[in-house]
Amino acid sequence: MNFASTVETFLQLLSSGLIIGANYGLMCLGLGLIFGVMRVINFAQGDLMVLGMYFAFIFVGWVASDQTTTFLWTMVAVGLAGGLFYVFGNVLHRVLISRVTGMRVAALEDAGHSPQLILTLGLSLVIQNAALMLFGSTPSSIPTPLSSKAWKFGPLWGDQVYLFINQARTWSAILAVVAAAILANFLRHTSLGRQMRAAANNPVASTYVGVDVNRSHRIAFGLGVAITTIAGVMMATYQPFQPYTGQDFIVIMYAGVVLGGMGSVGGTFWGGLIIGLVQQLSTLVMPMQLQSTVIFAVFLAILLFMPQGLFGRNVERV
Amino acid sequence: MLYYSSTKRPLLGLLALLLVGAIMILATGNTYTLLILTLVSIWTVLGLSWNLLGGYAGLYSFGHAAFFGLGSYTVGILFHDYSVTPWIGWPLAALIGAVAGILVGYITFRLKGPYFTLAMLAYPLALLSVFEWAGWNELALPMKREGGFAYMQFGDSRIIALIALALMGLAIWISIRIERSRFGLALVAIRQNELAASAAGLPVLSWKLWAIAVSGAMAASAGGLYAVVLLIITPQAVFGLQVSAQALIVTMFGGLGTVWGPVLGAVILVPLSEFLYANLGAALPGIQGVVFGSAIMAIILIQPQGMFWAIYDRFAVKRTDEHPTVQDVTLPERGRSPLSVGFPLLDISNLSLSFRGLRALAGVSITVKEREIVGIIGPNGAGKTTLFNAINGFIEINEGDIKCAGSSLVGFKPEQVAAIGVARTFQTARAFPRLTLLENVVVGSFMRYSDDKLAIAVALNALTRVGLTDRAYVPAGSLTNHELRLMELARALAGEPILILMDESFAGLASEDIEGMLPLIQRLRSDGITIVIIEHTMHAMVRLVDRLIVLDQGAVIANGLPSEVVKDLRVITAYLGKRWAEHAEA
């Protein structure tokens with residue numbers, strides 16, 4: 001009996017870990033794309049995502065007249081938020097980010113990393129607090145009829161072990177996987193995608209073969225912001241958010257990106273997936289409230305013990 | 001901000017600041033104004049704490065809230081749960097801050113640049129949820145109706161404002177002392193070129209640990225006082241990202257790497273944001289964050305070094321009379337008695353190392369005798385610089401042994417290798433560009449002399465030996481390539497080496513400059529220094545060296561007199577390919 005319930009808890013956490021992890025994976029993919037192509041650490045990524053969640057929240061509240069259609073409208077909001085935030089990211093890159101990134105900082109001491117981090121930290125503070133002014137601190141969410149529905153599987157073992165899988169979460173996980181696959185194909189098989197990968201690999205050499213590096217960066221930044229926002233909006237159907245939510249996700253996102261190997265765009269999806277699993281499964285042995293502490297510990301451990309994905313080589317060329 | 005310039009002027013500035021502060025505090029009776037003045041002091045201290053790491057050592061932390069929060073909760077928990085007065089809890093908080101700093105530093109200093117910055121973020125956020133989980137969600141310091149003084153509770157808020165001012169004065173004083181000492185210079189050197197600093201004998205990790213210990217103590221004492229002032233602490237208020245951000249922002253806004261930066265930043269930003277919050281906070285609750293966020297964005301885009309430097313560059317009279325006086329210092333008779341000429345000084349046996357399967361050095365055995373000048377040549381990628389990196393401790397070797405003057409260097413850190421007497425110069429000169437030549441060179445003599453006057457005298461003497469005396473007070477960033485090469489040599493000499501490893505010291509030099517360096521290097525040899533030099537300029541090499549060693553694909557393929565080596569078939573093959581070797585044979 002006791003064993004059976006342990007198995008059940010484990011299966012439950014495993015499935016929710018995979019499902020949430022797929023969403024984290026997509027989130028990380030957005031950040032990873034920006035880092036991979038531009039080598040920019042965008043600290044405001046989580047806050048831009050929260051803005052997207054508020055956009056969808058307002059949009060759905062405005063158009064969806066009754067409960068039954070909210071799920072459909074949320075999916076529309078996902079698409080709209082993606083497009084809108086692609087443009088927003090594009091503009092943001094043009095007016096702000098490009099001033100501390102790209103070719104103009106390539107030769108600086110630390111390739112401009114510190115100004116980039118600090119500029120986006122400032123941006124993050126402004127967005128968070130502007131959101132606080134506009135929307136207040138009460139947590140919001142986009143409840144759809146599916147948010148409270150679950151598929152029941154079982155009995156899986158004997159007559160005791162059942163598995164419940166939330167429908168809203170599952171749909172968002174499936175969409176996340178589809179979006180990630182589309183992005184991967186875009187990068188691999190289109191000319192623009194190849195240009196972006198070239199700009200990522202060697203910006204100077206790319207300019208020699210006619211790649212417009214600044215344009216690649218602008219598109220990557222817009223696309224990265226849009227992808228993370230899409231993941232965020234889908235997550236808003238089952239997870240409440242408030243203006244400071246971005247902070248909680250920034251470390252989750254970085255943990256995923258670092259784990260996947262900084263710069264490896266595909267790897268970041270798997271990194272995010274693993275972080276989701278770790279977060280959910282940690283509750284087997286740790287109190288729920290320490291979930292994020294576990295993530296931070298994992299993050300530090302990855303940085304310290306698996307830095308290969310990070311630096312490439314340990315010794316600077318002398 | 002020369003490290004050897006006097007502390008008199010900044011200390012006068014500090015005195016004036018404290019005087020103005022005290023007058024303002026005593027003149028006002030308004031509790032709210034006093035609270036703001038107190039907060040200005042607290043944020044200045046936190047800014048100064050951040051500045052020690054970020055401003056001088058270039059280690060930008062996104063996690064100073066960890067120390068601040070630990071300080072707050074140390075005072076709070078001791079008072080609330082154990083009735084320990086903040087008078088005791090406060091110094092304890094500083095101690096805990098220092099210990100936490102060393103722990104965090106020891107773990108996190110392995111990471112560089114932005115990875116360090118992001119990793120620092122994890123500490124306060126992890127602590128935040130731990131404290132929430134542990135049930136310290138809202139910790140209120142008990143009010144003492146009687147005997148408040150014994151518990152740092154005063155009827156008159158002016159007293160606590162004065163205490164905060166005193167803490168700020170102490171933090172500024174400590175910062176000034178650090179800025180104008182070899183501690184400060186070491187941190188700046190590490191920021192500008194960590195590898196060169198360690199090769200010159202600076203114990204990089206321990207200087208960084210000192211910096212983060214002092215920084216942690218300062219931040220924790222600011223946090224401790226914050227608890228006393230506000231009486232209620234929550235994890236979000238003391239461990240939150242906003243605290244870390246504010247530490248960074250007051251400093252970077254005010255000015256990076258100067259004590260006056262955090263002061264200026266806090267004096268402008270704290271009252272501004274408090275004023276806006278008091279007037280508009282009800283309608284616009286996040287106004288403080290917006291003020292701080294936009295301030296830092298503006299400063300990064302417009303004046304990345306901060307306000308202080310903008311003012312300084314425009315108005316400051318450049319003082320040129322601040323040169324140290326060294327006439328009254330007699331140079332010490334130093335140096336070991338040289339071993340007899342011909343004694344093997346550097347003995348490398350069977351040295352191998354590979355990078356992830358790529359074999360860079362394969363069983364290299366080389367012996368260099370006392371007072372020899374040995375040249376190392378070889379085609380690109382032969383492993384020449386890798387050999388130097390292995391000797392001086394930049395990379396770990398897989399196999400073999402490196403002995404210098406009898407002791408094995410295997411497993412030594414660069415600064416330990418330097419202490420044994422092995423100096424080196426770099427393929428591309430590694431200067432500390434914003435420091436003067438003298439400051440660049442004196443970094444090399446720190447490990448030999450704990451007395452600053454002596455260290456400076458030795459550094460000046462080293463500059464004289466390479467002929468750069470008249471450039472001593474020029475920033476290294478404005479030197480020519482030739483002068484940079486000489487400066488590196490002087491920095492090596494300042495450490496009183498027995499062996500100098502010179503990596504392509506003639507690269508990019510005009511032939512008359514090379515002609516000038518040859519007698520200089522020969523003079524070093526007659527002063528008792530052994531030299532190993534990597535160089536491609538063969539016409540200079542054949543005249544300079546006693547012996548040539550040729551490396552190819554990580555192995556020694558020839559070793560002998562220059563005239564013999566250049567005829568060696570294997571050498572010709574390595575450089576020009578088989579066909580030319582056949583030519584040469586015919």
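The values are calculated or read from the model by the stated rules, or taken from the named source; none is laboratory data. Since we're looking at a predicted model, the values are computed, not measured. Here the Cβ is made from the backbone with ideal geometry for all residues, glycine too, and neighbour counts use every protein chain on show. Please note that ligands, DNA and RNA were not included when accessible areas were found on the heavy atoms of the full protein model with its side chains. Shrake-Rupley method; radii C 1.70, N 1.55, O 1.52, S 1.80 Å.
Per-residue 3J(HN,Hα) values for the range B:553-559, derived from phi via the Karplus relation 6.51 cos²θ - 1.76 cosθ + 1.60 with θ = phi - 60°, read 6, x, 10, 6, 10, 7, 7 Hz in sequence order (x marks Gly and Pro). Roughly how many Å is it from the Cα centre of the range A:139-174 to that of the range A:200-256, as a whole number? Using only Cα atoms to place each centre, the spacing works out to 29 Å. Comparing B:Leu499, B:Ala122, B:Val238 along the charge dipole axis of chain B, the residue lying farthest to the positive side is B:Val238, per the Cβ-charge model. For the protein assembly as shown, the tally of Lys pairs with Cα-Cα distances below 18 Å comes to 9, considering only residues 8 or more apart or on different chains. Entry note: the range B:26-113 has Rg to Rh equal to 1.06, where both radii use alpha-carbon atoms and Rh is the Kirkwood radius. Compared with the direct C-alpha span, the chain from B:Ala140 to B:Ile268 gains 43.1 nm at full extension, assuming 0.36 nm per residue. Length gained on full extension, A:Val95 to A:Ser65: 7.0 nm, using 0.36 nm per residue less the C-alpha separation.
Here is the size of the range A:3-305 from its Cα atoms: Rg then Dmax, 19.7, 67 Å. The magnitude of the dipole of the protein assembly as shown, with charges of +1 and -1 set on the Cβ of Lys/Arg and Asp/Glu and taken from the Cα centre, is near 760 debye.
Spatially, the range A:76-91 and the range B:85-148 are offset by 40 Å when compared through their Cα centroids. Using the Karplus relation 6.51 cos²θ - 1.76 cosθ + 1.60 with θ = phi - 60°, the per-residue 3J(HN,Hα) values for the range B:233-243 come to 10, 10, x, 4, 6, 10, 9, x, 4, 4, 5 Hz, with x marking Gly and Pro.
The listed residues B:Arg543, B:Arg158, once ranked by accessible area (1.4 Å probe) with the largest placed first, stand as B:Arg543, B:Arg158. Computed 3J(HN,Hα) for the range B:511-520, one whole-Hz value per residue from the Karplus formula 6.51 cos²θ - 1.76 cosθ + 1.60 where θ = phi - 60°, is 5, 6, 5, 4, 4, x, 7, 4, x, 4, glycine and proline marked x. Remark: accessible area buried at the B-A interface is about 4300 Å², both chains counted, probe radius 1.4 Å. By DSSP, the beta bridges lying fully in the protein assembly as shown are antiparallel in about 65 percent of cases. Quick one: go through the range A:263-290 and flag any residue whose amide nitrogen is under 12 Å from the point 7 Å out along the Cα-to-Cβ line of A:Ala184. Those under the cut-off are A:265-271.
Counting only DSSP beta bridges with both residues in chain B, tell me the antiparallel percent, nearest 5. Within chain B, antiparallel bridges account for around 60 percent of the total.
Charge dipole of chain B (Cα centre as origin; +1 on each Lys and Arg Cβ, -1 on each Asp and Glu Cβ, all else neutral): 220 debye, rounded to the nearest 20. The Rg/Rh ratio for the protein assembly as shown, using Cα coordinates for both the radius of gyration and the Kirkwood hydrodynamic radius, is 1.02.
Put a dot 7 Å past the Cα of A:Leu304, heading toward its Cβ, do the same for B:Arg177, and the two dots end up 3.2 nm apart. Residue ranking by accessible heavy-atom surface, 1.4 Å probe, largest first, among A:Asp248, B:Asp156 comes out as A:Asp248, B:Asp156. When only the Cβ of Lys, Arg, Asp and Glu is charged (+1, +1, -1, -1), the dipole of the range A:3-305 relative to its Cα centre reaches about 700 debye.
With the convex hull drawn around the C-alpha atoms of the range A:110-268, the volume per residue stands at 158 Å³. Each helix, a run of at least 4 DSSP H residues, gives -39500 (n - 2.57); summed and divided by the residues of the protein assembly as shown, these come to -20000 deg cm²/dmol at 222 nm.
Stretching B:Leu12 away from B:Leu26 to a fully extended chain increases their span by 2.9 nm, per 0.36 nm per residue minus the current alpha-carbon distance.
Mean projected area of the Cα convex hull of chain B, taken over all directions, amounts to 32.1 nm². When peptides B:13-21, A:48-56, A:137-145 are sorted by average Cβ neighbour count within 10 Å, with the highest value leading, the order is A:48-56, A:137-145, B:13-21.
Take the Cα of A:Val209, step 7 Å toward its Cβ, do the same at B:Leu95, and the gap between the two points is 6.3 nm.
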